[in-house]
Amino acid sequence: MELAQLLGNAVAFQSAERVIQGYPCLPADFKLPGERMIFDRNLHEIDQYFQAVDQIQRLTKSAALLSDYRSQGINLIQLATARLQFEFQAILTRKADIDPTAAAYFSSLSTSCSSGYQSPGTNLNQMDKARHQFEFQVMLTRQTDSNPTSAAYFSSISTSCSSGLRGDDYTDHPALSDKEIYYLRCITERMSSIGSLHYCIEVYCCSRKKFVEKSFRLLGVEKLSTNDVKRLEWEELQKKIKLWTGAARECVRKLFAREREMFEQIFDGLESAQTYDACFVATVKDAAICLFKFAETVSTTRPWMQKLFGILGLYYALSDLLPDLNLIFQSDSSKSIVNQAAGILPQLEELVRGILSDFENGVLHEMSSVPTYAGTVHPFTKYVMEYIFGIVRYKDILSELIVSKPSATLRNECGRTPLELHIIWIIVSLKFNLESKSKIYNDSSLGHLFVMNNIGFIVQKIEESSELGEMIGNDYRKKLSEIMLEAVNSYRRSIWDRVFYCLRDEGLHYGFGFCKGLSKRIVKQRVKSFNITFEEVCRTPSTTWLVPSNLHLCLQAHQSILEELIPAYESFLGQFKRHAEHPAYHVKYSVEDLKNAVMVSSWNASCLSP
């Protein structure tokens, strides 16, 4: 029985020996065209080689093996170790040079982007299924030099980032294929049993770190100091923030997550978790620190008003990525990366609060002294309303950031949240600012018109947004409408009071008691004066100094004029009704003519749109 076992082991040993010796050890720079890597052969030949290595290892340790074979076995294990080291390094070397045209570099990462980081167990269970599909896959061509199209590939990603694209809009990062991962896993298992796993870990970390850093550089994220950021114009900094936002999502959800996933697929269970996690952290740490250094630098800049929405975009992107970072960097050795990212959020929150506070003061104290033509809407009014609409778009984030404690976002005694009060206070400050600007005009009627047009613009914008209207509330909307109507009346009085003065009753009658009568001379003078004054008012630019884009406000102002002018004119004509048509009284306008003349001037005002 022992003899039979010895013979059987000898036959098995010789069979395994032939397989291993069929693939001699090659120098690292070996490039003979006719030589093929084990990896480049079909699945049967690959499995045959690994089974031969396992067989030699098992038989060398077996007592039922002749001593001559045992010493040969040690030599064969050394030969196989050298060959596997060569293949391990060769695969990683050719993947370290980014080639977007190779199919393996377009591995799908959409699952990890949408559902987050998967557990190692799930990934390893998928390897058996992938293993049986390798026979039907097209073998990838070997790549020894970097491909010139790689720069164009990542340049396109940078362009996408700067255009504001997100998530799945990015082209997937080049990564190891399923076959390569399976093959590298097979090698690490054999190297672990031999006691040479440390070599694989070192080679893997060095190669993948090179790949990660090259990928990171080509994404376009720059190292900027605080002084660099201060010197940048806001438009340029905003472009860099948009670029960073896209690059950060690409790095965290695809590059870092995929590197973690591949590392666990290849090394999980072969070494202590602490050892291989430290290796993974070393692979991506430099890129991660550089990535978040940019956001950290931006968070230390001055709170300029124009930065608000760029900073909010940065804050949203970073807070959105924090759960992914916690999944990818779970170990103690990698927590510093998570802590760095998490520590930036409070700084951005403080920056946002500073911007909001400065904007409130800025709206109140902005004192541009150049009046707008014809009392139209001031550019500053439009700017403030655009700001408010931006606040509404980011209201969910700002509701938490505008106060120090989230609990303070509860409605206060006035029934308003701090964000709602912030918006209302900005509008109140804008109202005071506009009233101050109205005093710049030498013509008081133009000043009233300026207030009417600008407050009317604010009311119009509030009515266009149900969200903004809800945040401001009906009470304050009514107050704004009242302010606008008050400005309309002030404008009407400043323009039309001299017309109404011609229609006064004072001085039309002479005598008293039964001797009281109508002075025809005074009536004639009043009618003539009314005709001249009315025509002058209708021709003067003051009557057409209305917001062309706000026809409703224009008509509302003229309707207000008619509501007072027509009754006064009818009462005036009623004083001498019997003689009103007499040529001597010079009555030029009927009530209907008067209405038409006023409405024509209103229509002309609405047609003055630039």
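The values are calculated or read from the model by the stated rules, or taken from the named source; none is laboratory data. Since the model is a prediction, treat every value here as computed from it, not as a measurement. When we count neighbours, we look across all protein chains shown, and the Cβ atoms used for this are built from the backbone with ideal geometry, even at glycine. Heavy atoms of the whole protein, side chains included, go into the accessibility calculation; ligands, DNA and RNA do not. Shrake-Rupley method; radii C 1.70, N 1.55, O 1.52, S 1.80 Å.
Applying the selection to the stretch 420-433, what residues are open to solvent by less than 30 Å² (accessible area, probe 1.4 Å), under 18 Å from Asp358 (Cβ atoms) and either modelled with pLDDT under 90 or not aliphatic (A, V, I, L, M) (or both)?
Passing the criteria: His422, Ser429, Asn433.
Scan the stretch 320-341 for residues that are farther than 12 Å from Phe292 by Cα and in a helix (DSSP H, G or I) and jot them down. So that I can check it myself, show each step before the final result.
To start, the set of residues in the stretch 320-341 that are farther than 12 Å from Phe292 by Cα comprises 320, 323-324, 326-335.
Asp320, Pro323, Asp324, Asn326, Leu327, Ile328, Asp332, Ser333, Ser334, Lys335, listed by residue number.
For the stretch 336-393, which positions are in contact with a Ser or Thr (Cβ under 7 Å, 6 or more places away or on another chain) and of a type in the set (Val, Ile, Thr)?
Within the stretch 336-393, Ile344, Val363, Val392 qualify.
Residues Ser319, Ser336, Ser331: which one is hydroxyl-bearing (Ser, Thr, Tyr), open to solvent by 10 Å² or more (accessible area, probe 1.4 Å) and over 22 Å from Lys209 (Cα atoms)? Before the answer, list the steps.
Numbers: Ser336 fails: over 22 Å from Lys209 (Cα atoms); Ser331 fails: over 22 Å from Lys209 (Cα atoms).
Result: Ser319 is the single residue among Ser319, Ser336, Ser331 that is hydroxyl-bearing (Ser, Thr, Tyr), open to solvent by 10 Å² or more (accessible area, probe 1.4 Å) and over 22 Å from Lys209 (Cα atoms).
Going through the stretch 342-386 one residue at a time, which ones are among the hydroxyl-bearing types (Ser, Thr, Tyr), in contact with a helix residue (DSSP H, G or I) (Cβ under 8 Å, 6 or more places away or on another chain) and part of a helix (DSSP H, G or I)?
Thr381
Looking at the stretch 598-610 only, could you name the residues that are hydrophobic (A, V, I, L, M, F, W, C) and either at pLDDT 80 or above or not in a helix (DSSP H, G or I) (or both)? Can you show your working first?
Pass one, the stretch 598-610, residues hydrophobic (A, V, I, L, M, F, W, C): 598-600, 603, 605, 607-608.
Listed by number, the residues that qualify are Cys607, Leu608.
Restricting to helices (runs of 4 or more DSSP H) lying wholly in the stretch 201-270: which have 2 or more residues that are open to solvent by less than 10 Å² (accessible area, probe 1.4 Å) and more than 20 Å from Tyr183 (Cα to Cα)? Show your work before the answer.
Numbers: elements: 226-231, 234-250, 257-267.
Those helices (runs of 4 or more DSSP H) span 234-250.
Hey, does the stretch 254-267 have a residue that's farther than 16 Å from Thr301 by Cα and of a type in the set (S, T, N, Q)?
Pass one, the stretch 254-267, residues farther than 16 Å from Thr301 by Cα: 254-267.
Keeping just the survivors that are of a type in the set (S, T, N, Q) gives 265.
Yes; the residues of the stretch 254-267 include at least one that is farther than 16 Å from Thr301 by Cα and of a type in the set (S, T, N, Q).
Regarding Ser436, is this residue farther than 19 Å from Ser481 by Cβ, touching a residue at least 24 places away in the same chain (Cβ under 8 Å) and either surrounded by fewer than 22 Cβ atoms within 10 Å (Cβ to Cβ) or of a type outside the set (S, T, N, Q) (or both)? Reasoning before the result, please.
Values: farther than 19 Å from Ser481 by Cβ: yes; touching a residue at least 24 places away in the same chain (Cβ under 8 Å): yes; either surrounded by fewer than 22 Cβ atoms within 10 Å (Cβ to Cβ) or of a type outside the set (S, T, N, Q) (or both): yes.
The answer is yes for Ser436.
Being modelled with pLDDT under 90 and among the small types (Gly, Ala, Ser), is that true of even one residue in the stretch 283-297?
No, every residue in the stretch 283-297 fails to be modelled with pLDDT under 90 and among the small types (Gly, Ala, Ser).
Does Tyr387 qualify as being within 16 Å of Ile458 (Cα to Cα) and surrounded by 14 or more Cβ atoms within 10 Å (Cβ to Cβ)?
Values: within 16 Å of Ile458 (Cα to Cα): yes; surrounded by 14 or more Cβ atoms within 10 Å (Cβ to Cβ): yes.
Against the criterion (within 16 Å of Ile458 (Cα to Cα) and surrounded by 14 or more Cβ atoms within 10 Å (Cβ to Cβ)), Tyr387 qualifies.
Just checking, how many residues over the stretch 387-407 are part of a helix (DSSP H, G or I), modelled with pLDDT under 90 and in contact with a Lys or Arg (Cβ under 8 Å, 6 or more places away or on another chain)?
Summing the residues that are part of a helix (DSSP H, G or I), modelled with pLDDT under 90 and in contact with a Lys or Arg (Cβ under 8 Å, 6 or more places away or on another chain) in the stretch 387-407 gives 1.
For the stretch 271-286, how many residues meet the condition of being aliphatic (A, V, I, L, M) and open to solvent by less than 20 Å² (accessible area, probe 1.4 Å)? Spell out how you get there, then give the answer.
Taking the stretch 271-286 and keeping what is aliphatic (A, V, I, L, M), we get 273, 278, 281-282, 284.
So of that shortlist, the ones also open to solvent by less than 20 Å² (accessible area, probe 1.4 Å) come out as 281, 284.
The total comes to 2.
For residues in the stretch 576-597 being open to solvent by 60 Å² or more (accessible area, probe 1.4 Å) and over 18 Å from Thr533 (Cβ atoms), which is modelled with the highest pLDDT? Even if it seems obvious, please write down each step before you answer.
Restricting attention to the stretch 576-597, the residues satisfying the condition of being open to solvent by 60 Å² or more (accessible area, probe 1.4 Å) are 577-579, 581-583, 586, 588, 592-593, 595-596.
Going one step further and asking which of them are over 18 Å from Thr533 (Cβ atoms), we end up with 577-579, 581-583, 592.
Working: Lys577: 61, Arg578: 58, His579: 55, Glu581: 55, His582: 58, Pro583: 54, Glu592: 87.
Across the stretch 576-597, the extreme among qualifying residues is Glu592.
Residue by residue through the stretch 439-475, note down the ones that are farther than 29 Å from Trp496 by Cβ and open to solvent by 30 Å² or more (accessible area, probe 1.4 Å).
Within the stretch 439-475, Glu464, Ser466, Glu467, Glu470, Asn474, Asp475 meet the criteria.
Test Asp475 against the stated conditions and say whether it is closer than 30 Å to Phe572 by Cβ and part of a helix (DSSP H, G or I). Working first, answer last.
Numbers: closer than 30 Å to Phe572 by Cβ: no; part of a helix (DSSP H, G or I): yes.
Spelling it out, it is not the case that Asp475 is closer than 30 Å to Phe572 by Cβ and part of a helix (DSSP H, G or I).
Within the stretch 437-446, identify whether any single residue is among the small types (Gly, Ala, Ser) and touching a Lys or Arg at 6+ places or on another chain (Cβ under 8 Å), and answer yes or no.
Step one: of the stretch 437-446, the residues among the small types (Gly, Ala, Ser) are 438, 444-445.
When the remaining residues are screened for being touching a Lys or Arg at 6+ places or on another chain (Cβ under 8 Å), the result is none.
Within the stretch 437-446 (the criterion being among the small types (Gly, Ala, Ser) and touching a Lys or Arg at 6+ places or on another chain (Cβ under 8 Å)), the answer is no, since none of the residues qualifies.
Can we say Leu485 is in a helix (DSSP H, G or I) and open to solvent by less than 10 Å² (accessible area, probe 1.4 Å)?
Numbers: in a helix (DSSP H, G or I): yes; open to solvent by less than 10 Å² (accessible area, probe 1.4 Å): no.
Against the criterion (in a helix (DSSP H, G or I) and open to solvent by less than 10 Å² (accessible area, probe 1.4 Å)), Leu485 does not qualify.
If we keep just the residues of the stretch 291-304 that are open to solvent by 20 Å² or more (accessible area, probe 1.4 Å) and part of a helix (DSSP H, G or I), which is nearest to Ser192 (Cα to Cα)? Break it down into steps so the answer makes sense when it comes.
From the stretch 291-304, those open to solvent by 20 Å² or more (accessible area, probe 1.4 Å) are 293, 296, 300, 302-304; that's our starting set.
Still in the list and also part of a helix (DSSP H, G or I): 293, 296.
Details: Lys293: 38, Glu296: 41 Å.
Only one residue fits best here, namely Lys293.
Only residues that are touching a Lys or Arg at 6+ places or on another chain (Cβ under 7 Å) and outside any helix (DSSP H, G or I): list them for the stretch 447-472, please.
None; the set is empty.
From the list Ile181, Ile187, Ile266, which one is more than 20 Å from Leu318 (Cα to Cα), in contact (Cβ under 8 Å) with a residue 12 or more places away in the chain and either in contact with an Asp or Glu (Cβ under 8 Å, 6 or more places away or on another chain) or among the charged types (D, E, K, R) (or both)?
Details: Ile181 fails: either in contact with an Asp or Glu (Cβ under 8 Å, 6 or more places away or on another chain) or among the charged types (D, E, K, R) (or both); Ile266 fails: either in contact with an Asp or Glu (Cβ under 8 Å, 6 or more places away or on another chain) or among the charged types (D, E, K, R) (or both).
When all the criteria are applied, what remains is Ile187.
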